[in-house]
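The values are calculated or read from the model by the stated rules, or taken from the named source; none is laboratory data. Because the structure is a prediction, the values reported are computed rather than measured. All Cβ positions, glycine included, derive from the backbone under ideal geometry; neighbour counts span all protein chains shown. We work out accessible area using only protein heavy atoms, side chains counted, and drop any ligands, DNA or RNA first. Shrake-Rupley method; radii C 1.70, N 1.55, O 1.52, S 1.80 Å.
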Amino acid sequence: MRIGIISDIHSNVVALERALEAMGTVDALWCLGDVVGYGPNPNECVALLLAQPSLQICLTGNHDAAALERVSWKGFNAHARRAIQWTHDQLNRHSLDFLSERPDKLQPDGDFTLAHASPRDPVWEYITSPAIARANFEHFNTPLCLVGHSHVPAIYTRREDGRVNGQTAAPGLPLVVADKDRRIINPGSVGQPRDGDPRAAFAIWDSDQRRFDFHRVAYDVAATQRRIIAAGLPSSLAARLGFGR
Ligand code: ZN
């Protein structure tokens, strides 16, 4: 079974279309949250996700929860807050219904725990170091955990002796799970990458081969930037897409 793993779409439907096209046919599609926020096409992103027959799981992220006014907007910087207000005003009934029914953490099978941010704090915590990852291994029981939120593709491995290390997850460097080590894996962001590579990121898990492949795909960044400006959203949110930061 091939499972497509996406996260942090952030209302960038141009990037989402391209990522889904590059992914091709999958048996299941898992989205780790933050479908909306920052970008210009929140309703279009929800509609495109719902149009995927393979969509099996979609978590809620901090921006989704903020757009639904389920969490305080105080934790966001000024530009993110402006985008959340704009998104809140744009969301149609269909999108609101979909986003409001999402869990923030889920264990779909014996292999995986899924959380938007971290298993310890599914809404807010950034897993950006082996030390933070180490603490989080105590907060799930499965061998594998998938997270988004940092927008940086990464693999954190906890060895049997308890040591934890981190590495970047990149195309051409597949991860074959053939040991008893436990891992926290971030596929990166579809709609707002922050690792210096502006291309949309996603991953594919092949459950028969027990293998992850990490993908990057170029999309029409300028098209999304034009839509951000046309919507009256902060221009910095357009600029950062060009840098992948
Ligand atoms: Zn995000």
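So which residues in the stretch 74-94 are in a helix (DSSP H, G or I) and touching a His at 6+ places or on another chain (Cβ under 9 Å), if there are any at all?
Ala80, Ala83, Ile84, Thr87
Among the residues of the stretch 179-198, is any open to solvent by 30 Å² or more (accessible area, probe 1.4 Å), away from the ligand (no atom under 16 Å from the Cβ) and under 22 Å from Lys105 (Cα atoms)?
yes
Matching residues to (1) surrounded by fewer than 17 Cβ atoms within 10 Å (Cβ to Cβ); (2) out of contact with any helix residue (DSSP H, G or I) (no Cβ under 8 Å at 6 or more places or on another chain); (3) free of Cβ contacts under 8 Å to residues at least 24 places away in the same chain:
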{"position": "Ser95", "(1), (2), (3)": "no, no, no"}
{"position": "Lys105", "(1), (2), (3)": "no, yes, no"}
{"position": "Thr113", "(1), (2), (3)": "no, yes, no"}
{"position": "Ile132", "(1), (2), (3)": "no, yes, yes"}
{"position": "Phe137", "(1), (2), (3)": "no, yes, no"}
{"position": "Asn141", "(1), (2), (3)": "yes, yes, no"}
{"position": "His149", "(1), (2), (3)": "no, no, no"}
{"position": "Ile155", "(1), (2), (3)": "no, yes, no"}
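Can you tell me which residue among Ala19, Ala47, Ala51 is closer than 19 Å to Pro193 by Cβ, more than 12 Å from the ligand (Cβ to nearest atom) and at pLDDT 95 or above? Before the answer, list the steps.
On the way: Ala47 fails: closer than 19 Å to Pro193 by Cβ; Ala51 fails: closer than 19 Å to Pro193 by Cβ.
On inspection, the qualifying residue turns out to be Ala19.
Here is a check on your reading of the model: is Ala80 hydrophobic (A, V, I, L, M, F, W, C) and over 14 Å from Val123 (Cα atoms)? Let's see the steps before the verdict.
Working: hydrophobic (A, V, I, L, M, F, W, C): yes; over 14 Å from Val123 (Cα atoms): yes.
So Ala80 fits the description; yes.
Go through the stretch 54-87 and give me each residue that's free of Cβ contacts under 8 Å to residues at least 40 places away in the same chain, within 16 Å of the ligand (Cβ to nearest atom) and more than 17 Å from the chain's Cα centre (by Cα).
Leu68, Arg70, Trp73, Phe76, Asn77, Arg81 - these are the residues of the stretch 54-87 that are free of Cβ contacts under 8 Å to residues at least 40 places away in the same chain, within 16 Å of the ligand (Cβ to nearest atom) and more than 17 Å from the chain's Cα centre (by Cα).
Looking at (1) outside any helix (DSSP H, G or I); (2) open to solvent by 30 Å² or more (accessible area, probe 1.4 Å), which is the one condition that is false for Ser118?
(2) is the only condition that Ser118 fails.
In the stretch 121-130, which residues are buried (at least 20 other Cβ atoms within 10 Å of the Cβ) and more than 16 Å from Gly75 (Cβ to Cβ)?
Ile127
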